[in-house]
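The values are calculated or read from the model by the stated rules, or taken from the named source; none is laboratory data. Bear in mind that the values here come from a model prediction, so they are computed numbers and not experimental data. Note that each Cβ is placed from the backbone with ideal geometry, even for glycine, and that neighbours are counted across all protein chains shown. Accessible surface areas use protein heavy atoms only, side chains included; no ligands, DNA or RNA. Shrake-Rupley method; radii C 1.70, N 1.55, O 1.52, S 1.80 Å.
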Amino acid sequence: MQSEARRDTLKRLLRETTVRRQADLVGLLRSRGFDCTQSSISRDLRELGKLHKASVLTIGNFDGVHLAHQKLLRKVVETARSAGGVSVTLTFE
């Protein structure tokens, strides 16, 4: 069944790849031959228990990603991964 194979590939992508948006997941899965939409990916993520997990949020005016910003963003990603959650960055001007 394609949905089962898609979920297996999705789990592997989430383990091995930094994905920032569901639209990115759609593109990655399509490039691997899966016919999917953002809605189907949302459903898969929910069924896999990958939604509504712990979130690690950073908020700031990231006016260029210099070394200090890179360090902060890496820390957010690392902390989220260790918590089994997602990293979120909210930017503004």
For this session: Provide a single number: the residues in the stretch 12-44 that are free of Cβ contacts under 8 Å to residues at least 40 places away in the same chain, over 19 Å from Thr89 (Cβ atoms), surrounded by 11 or more Cβ atoms within 10 Å (Cβ to Cβ) and not basic (Lys, Arg).
Result: 12
Problem set entry | Of residues in the stretch 57-82 being touching a strand residue (DSSP E or B) at 6+ places or on another chain (Cβ under 7 Å) and open to solvent by less than 60 Å² (accessible area, probe 1.4 Å), the one nearest to Val19 (Cα to Cα) | Val77
